[in-house]
Amino acid sequence: MNDSLHVKYLTVGPNDLLWGTAVNSVGFQEVGPGEPYPPGNHPSRYLFSEEKGRVLQEYQLLYIVKGQGRFRSASLPHPVSISQGSLMLLFPGEWHSYRPQEDTGWKEYWIGFESTQMDAWVRDGFFSKNRPVWQTGLHSDLVDLYEDAIETASSQQASFQQRLGGIVSHLLGLAWFYGKNTALSEVADQMNRAKILIGQNYRTVGPEEVARQLCMGYSNFRRIFKEYTGLSPAKYIQQVRMGKVKEALTNSIRPVKEIAFEMGYENQDYFFTAFRRLTGMTPQEYRAFTQGK
């Protein structure tokens, strides 16, 4: 999989729409400084230029986690600045255009959907074409929901559209909540950035590297991170890794050693000891327990 682009386009059936929300597409893409935007490897109905813009027949919720840019739409008198932590809500039938700055690029997550529930929220004034951009700040739970949606769309298990509908509702609820509570301190924003960095790079990243990317001294970073999360950065990374290991053990029959190596555990003895200390079971026992064997 290309680390800078991952997208799933989904077919929506009549029964999916009866649920109230059905997802058409979900994914992320990272565009570097000076790279063309949008990339040309999307279906033609999603492509556009900044000058001409486009009109979609679905809602889309986009989250910018890195970089800067600008947004325009038919209901806005002036362009709106976009930065990391911005959520952009696109409305069906509404002309819009957006792009990252040439010198920064950006990384975006998005989910496109049709929703009678969203239609009702728009009618009731919770969401409006006059306010398509929400400055919510960086939050790891938002990123986690997008990642969950991408994984759900990729696996397409039975009733996956209903699960995606729940994720969309959760994202919109958090957009409303964070949009009303945007007074994040700079330190809180940095800790959210740290959790996002760990969530995206848990296989290889170390605590010192996270501190470096935040331009913080490690001792200061470790102290503040533990105050905000209750865990040291190293223990937090281990919990994220172990969480992914437990998901893989529960949802697959792949060899335990293969899973451990993929999640960043090169020392097998250390992995087995750490897993048992955390769960009270061996990986094989945990798999048997969670798979009902």
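All of the numbers you see were taken from the coordinates with simple rules; none came from a lab. Please read these numbers as outputs of a predicted model, since none were measured by experiment. A quick note on method: Cβ atoms are made from the backbone with ideal geometry, for glycine too, and the neighbour counts reach across all protein chains shown.
Among Gln238, Gln60, Gln157, which one shows the highest mean-square fluctuation when the chain is modelled as a Gaussian network with alpha-carbon springs under 10 Å?
Gln157
Between the helical axis of 233-251 and the dominant principal axis of the chain, each derived from Cα atoms, what acute angle in degrees is found, rounded to the nearest 10?
Once rounded, the angle reads 90 degrees.
If you line up the long axis of helix 218-229 against the longest principal axis of the chain, both from Cα atoms, how many degrees apart are they, to the nearest 10?
Helix 218-229 sits roughly 80 degrees off the main axis of the chain.
When the helix-only estimate is applied to the chain (DSSP H runs of n ≥ 4, each -39,500 (n - 2.57), divided by the residue count), what is the mean residue ellipticity at 222 nm, nearest 500 deg cm²/dmol?
Here the helix-only value at 222 nm equals -14000 deg cm²/dmol.
Note the angle between two axes, namely the Cα long axis of helix 160-180 and the longest principal axis of the Cα atoms of the chain, as a number of degrees from 0 to 90, rounded to the nearest 10.
Once rounded, the angle reads 80 degrees.
Which of Ile82, Ile237, Ile253 moves the most in a Gaussian network model of the chain with Cα springs under 10 Å?
Among Ile82, Ile237, Ile253, the largest GNM mean-square fluctuation belongs to Ile253.
Pop a pseudo-label 7 angstrom from the Cα along the beta-carbon direction at both Tyr9 and Ala234 and give the gap in nm to one decimal.
Reported label-point gap for Tyr9 and Ala234 is 4.8 nm.
Which one of Pro38, Pro283, Pro14 has the biggest mean-square fluctuation once the chain is modelled by GNM with Cα springs under 10 Å?
So, out of Pro38, Pro283, Pro14, the one fluctuating most is Pro14.
Can you find, among Gln284, Tyr37, Gly206, the residue farthest towards the positive end of the dipole of the chain? Put +1 on the C-beta of Lys and Arg, -1 on that of Asp and Glu.
Gln284
Full extension from Tyr218 to Lys257: what is 0.36 nm times the residue separation minus their Cα-Cα distance, to one decimal in nm?
That pair, Tyr218 and Lys257, stretches by 10.9 nm at full extension.
Would you order Met281, Met242 from fewest to most other beta-carbon atoms within 10 Å of each residue's own beta-carbon?
The most exposed by this proxy come first: Met281, Met242.
What FRET efficiency comes out for Phe289 versus Glu208 if R0 is 30 angstrom and r is the Cβ-Cβ distance? Round to the nearest 0.05.
Calculated transfer efficiency: 0.25.
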